[in-house]
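Quick notes on the structure that follows.
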Amino acid sequence: MTSSRRTRGLAIAAALLLVLTACTADFGPLKLRIAAGNSGGVYYKLAQTLAGAWQADLGIDRPQVLQTQGSPDNVVKVLAGEADVAFVAADVAVDQYRTHPELTALARIHDDYLHVVVRADSDIKSVSQLSGHRVAIGSPQSGVEYIAKWLLIAAGLQDSVSTITRGLDESVAALRNHEVDAFFWSGGLPTPKLLEPENRGRLRLLDIADLMPKMQARSPVYSTATIPASTYNELLPVTTLVVPNFLVVPESMPEDVAEALVRGLFDARRELANANPAALSIDVHPGIETQPIPLHPGALRYYRAQKT
């Protein structure tokens with residue numbers, strides 16, 4: 001064997017060894033905690049599926065899925081070392097990143113659409129007409145509450161609306177029982193709760209097109225979209241706010257762990273979509289769009305290998 005051939009053979013062997021080592025990394029001792037919102041939410045359903053996928057892919061104990069209040073609570077838990085991965089609405093994540101640059105992202109996942117809901121027979125036709133009314137603004141410390149408060153400020157209603165904190169199920173019941181006159185919800189399309197037989201035809205969405213310029217000035221992650229009339233059997237489509245969701249981790253997470261988690265996320269897309277249709281939008285190409293929060297170096301390594 002010539003010297004050059006021997007050298008080439010050793011290089012190939014070394015490369016194969018590197019690949020095999022990467023593929024058989026020992027993650028066995030790894031323990032993960034996923035901050036995932038309330039048990040009835042999209043985050044929680046996706047987290048349960050993702051926990052199973054990561055358990056199988058990494059050969060680790062099933063990650064613990066933590067019930068939380070929502071996005072603000074989730075990101076605080078990651079920053080405090082009480083969770084390793086968190087589902088977080090992008091607006092909440094970006095606000096925290098401004099003072100906590102150690103926050104990084106694994107991926108952009110699905111988008112949520114803001115719903116401002118009134119009874120179908122209500123005289124309320126716009127957000128400005130909520131003045132003097134009772135409004136449910138989501139669970140305490142949730143991403144819904146976070147957006148609702150900013151929207152009420154944008155509408156100049158922060159001092160003229162009586163607000164209570166309620167989750168989606170409680171909000172729907174309170175609206176139907178005339179305990180509140182409207183409620184806020186942020187979720188994927190469609191939100192199954194709003195399509196249940198007892199709610200079909202009894203609820204109506206408010207258009208917020210007039211408030212979007214102020215909301216987009218408030219946060220760079222907000223975009224405008226239309227909820228088609230067919231989504232909830234409405235008479236007309238409505239313009240609303242869309243906010244992405246991120247999976248976030250601390251910068252201190254080892255690179256090989258972060259890379260493996262991102263790989264497991266995208267490998268589990270079918271299972272995630274079966275858990276909730278919102279996950280149908282999870283894909284590698286939009287996955288890198290987490291600006292201004294930087295991707296974790298391990299996540300970036302995965303995306304570069306995919307040539308995205």
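The values are calculated or read from the model by the stated rules, or taken from the named source; none is laboratory data. Remember, predicted model here, so these are calculated numbers, not experimental data. Using ideal geometry, Cβ is built from the backbone for each residue, glycine included, and neighbour counts are taken over all protein chains shown. Just so you know, the surface numbers come from the protein's heavy atoms only, side chains and all, with ligands and any DNA or RNA stripped out. Shrake-Rupley method; radii C 1.70, N 1.55, O 1.52, S 1.80 Å.
What does the helix-only formula give at 222 nm for the chain: each DSSP H stretch with n ≥ 4 adding -39500 (n - 2.57), the total divided by the residues, and the result rounded to the nearest 500 deg cm²/dmol?
-11500 deg cm²/dmol
So what is the accessible area of the stretch 150-260 per residue, in Å², with the probe set to 1.4 Å?
Heavy-atom accessible area per residue stands at 45 Å².
Take the alpha-carbon positions of the stretch 91-166, form their convex hull, and give its projected area averaged over all directions (one quarter of the hull surface) in nm².
Details: hull surface 26.0 nm².
It is 6.5 nm².
Under 5 Å between amide hydrogens, which residues at least 5 positions from L66 or on another chain qualify, with H placed 1.01 Å from N in the peptide plane?
I34, A35, A36
What is the sum of charges around S128, taking Lys and Arg as +1, Asp and Glu as -1, for the other residues whose C-beta is under 15 Å from the C-beta of S128? Write out the running numbers ahead of the final one.
On the way: positive: K125, K214; negative: D123, D159, D181, D207, D210.
Within the 15 Å Cβ shell, the charges total -3.
Given Cα pairs under 8 Å that are at least 6 residues apart, what percent is the relative contact order of the chain?
That works out to 24 percent.
Within the stretch 131-190, what whole-number % of the accessible surface is contributed by carbon and sulfur, with the 1.4 Å probe and all protein chains included in the calculation?
Using a 1.4 Å probe with all protein chains present, the stretch 131-190 comes out at 47 percent carbon and sulfur.
Which ³J(HN,Hα) values in Hz, rounded to whole numbers, follow from the phi angles of the stretch 149-160 under the Karplus curve 6.51 cos²θ - 1.76 cosθ + 1.60, where θ = phi - 60° and Gly and Pro get x?
4, 5, 5, 5, 5, 4, 8, x, 10, 4, 10, 10
Based only on the alpha carbon positions, what is the Kirkwood hydrodynamic radius of the chain, in angstrom?
Values: mean 1/r = 0.0482 Å⁻¹.
One over the average 1/r among Cα pairs gives 20.7 Å for the chain.
If you take the charge dipole of the chain about its Cα centre, with +1 on Lys and Arg Cβ and -1 on Asp and Glu Cβ, which of P294, A154, Y44 is farthest toward its positive end?
With unit charges placed on the Cβ atoms, the residue in question is P294.
Take the chain, mark every one of the GluC sites (Glu not before Pro) that falls in a DSSP loop and has at most 15 other Cβ within 10 Å, then report the longest stretch left between them, sites excluded.
1-81
Treat each spin label as a single point 7 Å out from the Cα along the C-beta direction, and report the Q67 to S252 distance in nm.
A separation of 2.9 nm, rounded to one decimal place.
Do the alpha carbons of any pairs in K45/K149; K31/K149; K45/K214; K214/K307; K193/K214; K31/K214 sit beyond 31 Å of each other, and which pairs?
Values: K45/K149 26 Å; K31/K149 36 Å; K45/K214 33 Å; K214/K307 37 Å; K193/K214 29 Å; K31/K214 42 Å.
Beyond 31 Å: K31/K149; K45/K214; K214/K307; K31/K214.
What do you get for trypsin sites (Lys or Arg not before Pro) in the stretch 22-100 restricted to DSSP loop and a cutoff of at most 11 other Cβ within 10 Å of the site's Cβ? Intermediate results must be reported in sequence, preceding the final value.
On the way: sites: K31, R33, K45, K77, R98; in loops: K31, R98.
Here the sparse-neighbourhood loop sites are K31, R98.
Give the residue list of trypsin sites (Lys or Arg not before Pro) in the stretch 204-308 that are DSSP loop and have at most 10 other beta-carbon atoms within 10 angstrom.
K307
If you take the alpha carbon radius of gyration of the stretch 193-296 and divide it by 2.2 N^0.38 Å, what ratio comes out, to two decimals?
Computed over Cα atoms of the stretch 193-296, the ratio equals 1.38.
What do the square roots of 5 times the Cα gyration tensor eigenvalues come to for the stretch 56-132, in whole Å, largest first, as semi-axes of the equivalent ellipsoid?
Over the Cα atoms of the stretch 56-132, the ellipsoid semi-axes are 35, 17, 12 Å.
Carbon and sulfur: what percent of the stretch 195-275's accessible surface (1.4 Å probe)?
With neighbouring chains kept in place, the figure for the stretch 195-275 is 51 percent.
Rounded to the nearest Å, what's the spacing between the alpha carbon centres of the stretch 174-215 and the stretch 117-167? Just the number, please.
The two parts, judged by their Cα centres, are 11 Å apart.
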